[in-house]
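Step one of this worksheet: look at the structure below.
The values are calculated or read from the model by the stated rules, or taken from the named source; none is laboratory data. Owing to the predicted nature of the structure, the values given are computational and were not obtained by experimental measurement. Here Cβ is always computed from backbone atoms with ideal geometry, including for glycine, and neighbour counts include all displayed protein chains.
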Amino acid sequence: MTPRVFLRLGFLLALAFAVAATPACHKDSAPKPLPGSAFNKFFPKAQGGSDVVYTQEKEGFAQAVVKTAGKEVATLSISDVLANPDAVAKFANSTEKIADQPAAPNGSQGTAILVANRFQVQARSSVDSFTAEDRKAWLERFDIGGLKALAP
């Protein structure tokens, strides 16, 4: 074997070891957001003349609307904020609690809580008559214990 062939072989072996050791080869071990379908069972049930209609689910997110007398009055959602540290940070200095979870306003029409430091649960008014107190009441109807059990 010539020195040139030996050098090429050594380079190829070094390259193979470098590729095998890169984090991209091990990305399956990192936690991933849960599928949106995993959240549907934790939403509040229809009650008091209001219906809950599921409208969207995708990886890490599920959404439903609240309809009263056939009119959309609010949007409810659950987001897996595993890969969104900014979403978690807005609850860091929260002094308000809803359903024993840290709460924070989300714009002028939204209220959110952070469950198990991983799931943002939100109620957003679609009409002015759906007040902050209404948002709080709907947030309290989510199955918080069930969501907590999903977090590792």
Fill in the blank from the handout: Of the conditions (1) at pLDDT 95 or above; (2) under 18 Å from the mean Cα position of the chain (by Cα), the single one that SER126 does not satisfy is (2)
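So if I check each of LYS58, LYS45, LYS32, LYS67, which one is at pLDDT 55 or above, touching a Gly at 6+ places or on another chain (Cβ under 6 Å) and either charged (D, E, K, R) or on the phi > 0 side of the Ramachandran plot (or both)?
Numbers: LYS45 fails: touching a Gly at 6+ places or on another chain (Cβ under 6 Å); LYS32 fails: touching a Gly at 6+ places or on another chain (Cβ under 6 Å); LYS67 fails: touching a Gly at 6+ places or on another chain (Cβ under 6 Å).
Just one listed residue meets the conditions, LYS58.
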Problem - So VAL53, is it over 15 Å from the mean Cα position of the chain (by Cα), β-branched (Val, Ile, Thr) and loosely packed, with under 15 Cβ neighbours inside 10 Å - result: yes
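Check whether at least one residue in the stretch 121-134 is over 24 Å from GLN47 (Cα atoms) and surrounded by 17 or more Cβ atoms within 10 Å (Cβ to Cβ), and report yes or no. I'd like the intermediate steps shown before the answer.
So in the stretch 121-134, the residues over 24 Å from GLN47 (Cα atoms) come out as none.
The answer is no; no qualifying residue exists.
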Exercise for the section: Give the stretch 84-136 a look and list any residue that's part of a strand (DSSP E or B) and either in contact (Cβ under 8 Å) with a residue 60 or more places away in the chain or of a type in the set (A, V, I, L, M, F, W, C) (or both), or say none. Expected result: ILE98, ALA103, ALA104, ALA112, ILE113, LEU114, VAL115, PHE119, VAL121, ALA123
